Every structure is written in structure tokens, then in C-alpha cells.
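Student: Please find one structure pasted underneath; my questions will follow.
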Amino acid sequence: MARRTVVYEVTRTPELAPDGSLVHAPVVPVEAELPAEYREAIHGEHMLINIGPQHPATHGVLRLVLELDGETVVRCIPHIGYLHSGFEKLGEYRTWNQIIPLTDRMDYLAPLIYNCAYAMAVEKLMGIEVTERCKVVRVILMEMDRIFSHLLWLGTTAIDIGAFTVFLWTFQQREKIYTFHEAYTGARITTSATRIGGMMADLPPGWVEGVREWLREFPRTLDEVETLLTTNAIWVGRTQGVGVIGPEEAINYGFSGPNLRASGVPYDVRKDKPYYDYDLYDWDVPVGENGDVYDRYLVRMEEMRQSARILWQALDRLPDGPINVDNPRVILPPKSKAMSDMEAMIHHFKVVMEGVRAPVGESWLSVEGSKGELGMYVVSDGGSKPVRWRVRAPSFLNISVLPKLVEGALLADVIAINASLDIVLGEIDR
Amino acid sequence: MTEDAFRRALEQVEHGPASTVAPAPHVPPLEREVPEHPSVTALRARFGAAILRHEVVSGDEHIVYIEPDRNVEILRWLHGDPAQRYDYLADLTAVDYGGGRPIQVVYQLWSIPHKRALRVKAELPLDRLEIDSVVAIWNSANWLEREVYDMFGVIFRGHPDLRRILMPYNYAEGHPLRKDFPLRGRFSRAEQTRRALAMTVEDYYSPYELDLARRLGQPLPEIFAEMLEGRDFAREARGEEGDGA
């Protein structure tokens, strides 16, 4: 497996810095030197405070109840469910294709990954192999949305830790991806781009050239952000050694995606369970070493560069040909044909009114989402609606580790750690 | 769409979908050669009768049905045995097929060192929705089991903190993902609105947190103090909460 450990010229022991160019913010351990009599004096002064659900640093409607000893967190109890919309229940009343609009409302920061993951799971259940062009288009869309989501993470995390400029720069780039979303799907966030067996439409003319042009100038933003953050003393001081979790624990707690890789586990669904020929693309899995907030930052930065690498290759290999499978039982005929050809009209009617039918069975399929391993579990009893549609939301498991990560941290670090996990409440609450 | 179909659809929204005519899930849909899976062979050799069935779905997905009472023993072995080493619990969920059929608890396992997947299922009859918790094996099961409890009402014995997770703590309409749960909920719209408006501050804290605040000596409003008089939180987390059925 191509594995690349993310190494930057930042030393983790400030007194060993060779030329003194890097000055860490002094980190004073709070409890270590506190004389016993003071400890005695403040003993019992624990305090229970509530953060959220409406709080800018909780990245959505997350609520944390913290037990504090002075400024140190003793216990953290997250409360979720404020955005619960019952998507999984609703899905049991929708036909297979009607569920697609529900998927992009879960992770509204990377909607196309959700669209594609759901379609892939249902196609696997139905035994449909999508066309070569469709595969590459989906790879392009998924990698683009990975960058899309990581950019938002970068901007908001930098704001949470106190650097405002990054937010403006990353949102400039995000705006361009929004434009690509809009040009292709007509929507900026609620894309609903996939269909069972293909896509809603083929790529519009000029779209691929637009993406190429954007790819040429996009890495410059990453470079600029790196000059601001990577060796910035405040950034390093606020992130290094904060929210540390080791590899075994990270696996055991269900971490996935960049968070898991920052802890040194090279588990990436694209490499370990390759789908859509990801094994044929030339790219590396960035892996951190220390499992702290800083490494999660480095891993995501490198992942954006790797995604750009995949994007270049995918744009080059984008084959011609049909984008939808040639199967009138799942794919709508062209509108002109439905109006002129009797058989096409019947297929059109059946696909719209009855919906696509899936055989009896089930499928659990996961893709590498922007937040982690995104699993889709679909169970069918042979009808046009699922018996069960379950989403294994990566953020749900990532945020469940928060109480462990923040134990013993400072209150200000809770914000940094929470931001570093890259959660989106839409998929946590579903 | 005929009027009949329209009425059926409306009824589904009101009363939950009718059970389907499809064969019960414990009957394998097709008699065919089931490909080998190294873990299943090993499981059979070690646990024998506790391994009930082996199915393959969607081409390459292996499912093993196990005796629900021995789930911890089997899963602990799958997690710890060096030849199996399913160290990553990818997913834990449940499926209700409706029509009075048992609810399946689904463990989706993945072995990072061996790059191998296995799905383990345990079927629980509706009148005994209890299974041992696997939090001691995978910490990731903590919230996943809470979600299954919240959505399906499955009790996980030995779970450290089994309470609702997505629905409010005082939710009284039951477990939403059960097939007998209507899409719009059990209560009328008026009743749901009334309850939403009647929510008080303490409804937003779990009893455990209120108890914590009391023990920390934080001043509690009188109403909380009254509420906390002589309550056993460990028992409440398991039993009384929200079973409106």
C-alpha cells in the first residue's frame, strides 16, 4: 500500500529548534506544579456548564455538558439529536430513487459523496454495474467534494483556533466548487446528482475544462494557508499534543477517515476495499504519527493534494460513452423517446410510478467519505421500497470519542478538539 | 395510480407499512453453493451449534447468524483471535422486517490487518428484545447500541449508559424505527405540539447530569431537587424511560 507519513519541518520539542525560528507558545501544565494546599483549597469547586446547542464553535446543533475543575475538563457529556429528521424512517416510505434527495441533506458539506455512496449500495444490491464513464464521473465528483468538505473544515477550524484569514481564502475556493455543483446539478448544496444505474445527466459542455482550470490554481491556496498555519507558533502551540489518541484506541473507538489516519493507522476504504478502480489511480494515503489536532490538520491538508492528484488522472481518463446503464427497468428513457415510442412510455410510467425494484437481499457498502468511512446498509424484501436503509455516519462515531479526547484538557482545547474531528450534525442526527 | 393504491399508501403513513409477502429472512432465498469464508469455517469449528446459518448476499457479503445468548463470547473471540482479528466494528444496527418477525441485531465487522469483512447477526424475538452489550470489546459500540435501543427498543445488558440518544429523554411514543411505529408518530399532531410546548428545562438534561449537578453542590432549582429525591438512575436508564408502547 502506498503510504506516506506526513512530515513537516516542524519540530515537536521547541528547545531543540536549531535556528530558533520557531517559538512555541508556552504550554504550562496546569495541575503538575500546583502545590497541594492550593489543590486542597479548590477541591470540590467543580462546575457543570453547558455549551450549545446554539453555539458557533460546536459546528451545528451539538450540545456539550462539561464538568469543569477550574479550567480543566473532568467529564464531557455530548447531547445530540437536535437535528434528527428521521431520514431512515422516511426512507422506508420512499422508492429507491426517491431516497437520493434525502442523502445529500445528511452531509450538506459533501453532498455528492453521499449521493454516490447510496447509489453504489443500491446498485450492488441490484447487481448493476455502472458504465465506465459513470464510474469516472463519480470519482471526479467524490474527490471534488472531499476537497470541498476539507476546505470548510480548514476554514472553520482556523477560526475556532483564532486565525480568521484562512476562512476567507478557503471559502473563495469553495465558492468555485459550488459553481461546479450548480453548473452540473442546478443546485449548490442539495445536489441529488445520482440515480440508480447512472447519473441525473451527463456533464455539461465546458465543465471538465472548468474543473481543470480550477485545479491549476487551487493548490496555491493550500500553499498560502500552509505559510499561515503550519509553522505558526500560535497554531502549533494550540494544536500539538492536544486531543491525542493512539492507534489501537482510535480503532477501538471507531474512528475513521482522516482522524484515524492522523493516529497512524493507514486504513483508507479507497485502498483497502477499492471501488471504482481507485487502485488504478496513482496516489498515496497520508498518515500522521501523533494523533493530535496538528496531525489531523496535516493529514487533511495532504489529502486535499492527493485528491487533486486523483482528479487530474480522472479527468484525463474520462472515457466517452453512455453515462447510464442500458437497462430500461432502472433508467428513464429520454423524454423525446417516451413521447414517441410506446414501449419507452410504458417503461417511463413504470419507473416513475412504481419505482425501481430491488431483489430480496441486503448490502452493506462503504466508501471513504470526507469525514470517514461512510457505510450504507440497504435491506430489500423485493419491493420498490427498502425494508431498512441505514447510514453508518462517520461523524456519529467520531463525535462519540469526544468525551475521551477532552478528558483532562483545558476548556479552550475542547473547542479545538471538537473542531478537529470535522463533524457535521446533519449526518450525526440523521 | 388507482384509488385503492392511493388509500393503501395513506394507510401506510398512518399505521406503518403492512408486512410483505416476501419469504421470511431466515429462509435463504436461493439454494446455492455458499462460498467459503475463513472466519466462518473457524467459527463453525469452534462454536458449533451456536453458529446457526451462513449466507452470502450481494455477491461477496458473508452473513453469519449466531445464537444471541452467546454473542459476546463469539464476538470477543472474533476480535481477539490473531487469525481473525476483527478489530474494527464498522457498524452496529438492527433490522425490523415487520409482521411479527424477530428483530435482527447486525454487527458489521472489519479486520484492518487481514482486510476482511464479516457480518454477524443475532435474531431477537419481539417478546425478548435483550442481548448482551459488546461495549467491553469495542468502545465504538457505546453510541451505536444506544441508537439501536432508542430506535428499536433493544435492551443491551451491561451497557454502561443505556439511554436515548437521538430522541428526547422524555420521548413517550416508543421506538421510531420499529415497523409498527407509524410515520407520523403515535400521538396526534395536537398532542405532539402540546408536549413540545410543555417541555421544561430539566427535560434537556439527563437524570444523570442533574444528579451530578446536585452532587457537585451546584444550586439546583427547587423543581429539580424535588425530582431527584430518591431516584435510582441506573435502573431508570434501563427501564422506565420512554417505553410508550
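The values are calculated or read from the model by the stated rules, or taken from the named source; none is laboratory data. What you see is a predicted model; the values in this text were computed from it and never measured. Methodologically, a virtual Cβ is constructed for each residue, glycine included, from the backbone with ideal geometry; neighbour enumeration extends over all protein chains shown.
Student: Give the residues of segment B:43-69 that are of a type outside the set (Ser, Thr, Tyr) and under 19 Å from B:VAL148 (Cβ atoms), sorted by residue number.
Tutor: Looking only at segment B:43-69, we keep the residues that are of a type outside the set (Ser, Thr, Tyr), and these are B:43-57, B:59-64, B:66-69.
Hits for segment B:43-69 are B:ILE63, B:VAL64, B:ILE66, B:GLU67, B:PRO68, B:ASP69.
Student: Can you pull out every residue in segment A:403-416 that is closer than 13 Å to A:ILE245 by Cα, more than 9 Å from every other protein chain (Cβ to nearest Cβ) and either among the charged types (D, E, K, R) or buried (at least 24 other Cβ atoms within 10 Å of the Cβ) (or both)?
Tutor: A:LEU405, A:VAL406, A:GLU407 - these are the residues of segment A:403-416 that are closer than 13 Å to A:ILE245 by Cα, more than 9 Å from every other protein chain (Cβ to nearest Cβ) and either among the charged types (D, E, K, R) or buried (at least 24 other Cβ atoms within 10 Å of the Cβ) (or both).
Student: Check A:TYR184 against each of (1) surrounded by fewer than 17 Cβ atoms within 10 Å (Cβ to Cβ); (2) away from chain B (no Cβ under 14 Å); (3) part of a helix (DSSP H, G or I) and name the one condition it does not meet.
Tutor: Checking A:TYR184 against (1) surrounded by fewer than 17 Cβ atoms within 10 Å (Cβ to Cβ); (2) away from chain B (no Cβ under 14 Å); (3) part of a helix (DSSP H, G or I), the one that fails is (1).
Student: On to the next question. Being surrounded by fewer than 18 Cβ atoms within 10 Å (Cβ to Cβ) and either away from chain A (no Cβ under 14 Å) or within 12 Å of the chain's Cα centre (by Cα) (or both) is true for just one of B:ARG146, B:ARG128, B:ARG164. Which residue is that?
Tutor: On the way: B:ARG146 fails: surrounded by fewer than 18 Cβ atoms within 10 Å (Cβ to Cβ); B:ARG164 fails: surrounded by fewer than 18 Cβ atoms within 10 Å (Cβ to Cβ).
One residue alone meets the criteria, B:ARG128.
Student: Search segment A:64-74 for residues being part of a strand (DSSP E or B) and more than 8 Å from chain B (Cβ to nearest Cβ), and hand back the single one that is farthest from the chain's Cα centre (by Cα). Full working, then the answer.
Tutor: Let us first name the residues in segment A:64-74 that are part of a strand (DSSP E or B), namely A:64-69, A:72-74.
This time we only want the ones that are more than 8 Å from chain B (Cβ to nearest Cβ), so: A:64, A:66, A:68-69, A:72-74.
Values: A:LEU64: 22, A:LEU66: 26, A:LEU68: 31, A:ASP69: 34, A:THR72: 30, A:VAL73: 27, A:VAL74: 29 Å.
Among those residues, the one meeting the criterion is A:ASP69.
Student: Another question about this same structure. What is the residue count in segment B:148-182 for residues that are under 21 Å from A:SER85 (Cβ atoms) and touching a Leu at 6+ places or on another chain (Cβ under 7 Å)?
Tutor: 6
Student: Do the conditions hold for A:THR58, that is, is it in contact (Cβ under 8 Å) with a residue 12 or more places away in the chain, more than 13 Å from chain B (Cβ to nearest Cβ), among the polar types (S, T, N, Q) and surrounded by fewer than 19 Cβ atoms within 10 Å (Cβ to Cβ)? If you could, list the steps in order and put the result at the bottom.
Tutor: Numbers: in contact (Cβ under 8 Å) with a residue 12 or more places away in the chain: yes; more than 13 Å from chain B (Cβ to nearest Cβ): yes; among the polar types (S, T, N, Q): yes; surrounded by fewer than 19 Cβ atoms within 10 Å (Cβ to Cβ): no.
So A:THR58 fails the test.
Student: Does A:VAL330 satisfy the criteria of being more than 14 Å from every other protein chain (Cβ to nearest Cβ), touching a residue at least 40 places away in the same chain (Cβ under 8 Å) and closer than 30 Å to B:GLU3 by Cβ?
Tutor: Working: more than 14 Å from every other protein chain (Cβ to nearest Cβ): yes; touching a residue at least 40 places away in the same chain (Cβ under 8 Å): yes; closer than 30 Å to B:GLU3 by Cβ: yes.
When the stated conditions are applied, A:VAL330 passes them.
Student: State all residues of segment A:262-286 that are more than 17 Å from A:LEU402 (Cα to Cα) and surrounded by 24 or more Cβ atoms within 10 Å (Cβ to Cβ); if no residue qualifies, say none.
Tutor: So in segment A:262-286, the residues more than 17 Å from A:LEU402 (Cα to Cα) come out as A:264-286.
Of everything in segment A:262-286, those that are more than 17 Å from A:LEU402 (Cα to Cα) and surrounded by 24 or more Cβ atoms within 10 Å (Cβ to Cβ) turn out to be A:TYR267, A:ASP268, A:PRO286.
Student: Let me ask something else. Which count do you get for residues in segment B:131-143 that are in contact with a strand residue (DSSP E or B) (Cβ under 7 Å, 6 or more places away or on another chain), of a type in the set (A, V, I, L, M) and within 11 Å of chain A (Cβ to nearest Cβ)? Outline the logic, then answer.
Tutor: Keep residues of segment B:131-143 that are in contact with a strand residue (DSSP E or B) (Cβ under 7 Å, 6 or more places away or on another chain), which gives B:131-133, B:138, B:140-141.
If we keep only those that are of a type in the set (A, V, I, L, M) as well, we get B:131, B:141.
Next cut, within 11 Å of chain A (Cβ to nearest Cβ) only: B:141.
So the count comes out to 1.
Student: Now a separate question. For segment A:79-133, which residues satisfy the criterion of being among the basic types (Lys, Arg), within 13 Å of chain B (Cβ to nearest Cβ) and closer than 20 Å to A:ALA193 by Cα?
Tutor: Start the filter on segment A:79-133 by keeping residues that are among the basic types (Lys, Arg), which leaves A:89, A:94, A:105, A:124, A:133.
Those left that are additionally within 13 Å of chain B (Cβ to nearest Cβ): A:89, A:94, A:124.
Correct list: A:ARG94, A:LYS124.
Student: Just checking, how many residues over segment A:301-358 are over 25 Å from A:ILE113 (Cα atoms) and in a helix (DSSP H, G or I)?
Tutor: Adding up the residues that qualify gives 16.
Student: Taking B:ASP211 as meeting all but one of (1) in a helix (DSSP H, G or I); (2) modelled with pLDDT of 90 or more, write down the number of the exception.
Tutor: Among (1) in a helix (DSSP H, G or I); (2) modelled with pLDDT of 90 or more, the lone unmet condition for B:ASP211 is (2).
Student: Looking at (1) at positive phi; (2) of a type in the set (Gly, Ala, Ser); (3) out of contact with any helix residue (DSSP H, G or I) (no Cβ under 7 Å at 6 or more places or on another chain), which is the only condition A:GLY162 fails?
Tutor: Failing condition for A:GLY162: (3).
Student: In addition: Cβ-Cβ under 9 Å, sequence separation 6+ or interchain: first residue in segment A:266-277 and within 21 Å of A:GLU129 (Cβ to Cβ) and more than 12 Å from chain B (Cβ to nearest Cβ), partner in a helix (DSSP H, G or I) and of a type in the set (Ser, Thr, Tyr). Which pairs?
Tutor: A:ARG270/A:TYR278
Student: Name the one entry in A:ILE234, A:ILE251, A:ILE245 that is β-branched (Val, Ile, Thr) and under 16 Å from B:ILE112 (Cα atoms). Write out each step before concluding.
Tutor: On the way: A:ILE234 fails: under 16 Å from B:ILE112 (Cα atoms); A:ILE245 fails: under 16 Å from B:ILE112 (Cα atoms).
Step by step, each of A:ILE234, A:ILE251, A:ILE245 is checked, and only A:ILE251 is β-branched (Val, Ile, Thr) and under 16 Å from B:ILE112 (Cα atoms).
Student: While we're looking at this one, here's another question. Can you go through A:SER340, A:SER400, A:SER336 and tell me which one is at negative phi, at the interface with chain B (Cβ under 9 Å from one of its Cβ atoms) and of a type in the set (Ser, Thr, Tyr)? Before you say what the answer is, go through the steps one by one.
Tutor: Numbers: A:SER340 fails: at the interface with chain B (Cβ under 9 Å from one of its Cβ atoms); A:SER336 fails: at the interface with chain B (Cβ under 9 Å from one of its Cβ atoms).
That would be A:SER400, the only listed residue that is at negative phi, at the interface with chain B (Cβ under 9 Å from one of its Cβ atoms) and of a type in the set (Ser, Thr, Tyr).
Student: When you go through B:VAL148, B:VAL154, B:VAL134 one by one, which is the residue that is within 28 Å of B:PRO82 (Cβ to Cβ) and in contact (Cβ under 8 Å) with a residue 40 or more places away in the chain? Steps first, please.
Tutor: Details: B:VAL148 fails: within 28 Å of B:PRO82 (Cβ to Cβ); B:VAL154 fails: within 28 Å of B:PRO82 (Cβ to Cβ).
Of the residues listed, the single one that is within 28 Å of B:PRO82 (Cβ to Cβ) and in contact (Cβ under 8 Å) with a residue 40 or more places away in the chain is B:VAL134.
Student: Can you tell me which residues in segment A:359-382 are facing chain B (nearest Cβ under 7 Å) and in contact with a Lys or Arg (Cβ under 6 Å, 6 or more places away or on another chain)?
Tutor: At the first step, the residues of segment A:359-382 found to be facing chain B (nearest Cβ under 7 Å) are A:360-364, A:366, A:373, A:375, A:377, A:379, A:381-382.
A:SER363, A:GLY375, A:TYR377, A:VAL379, listed by residue number.
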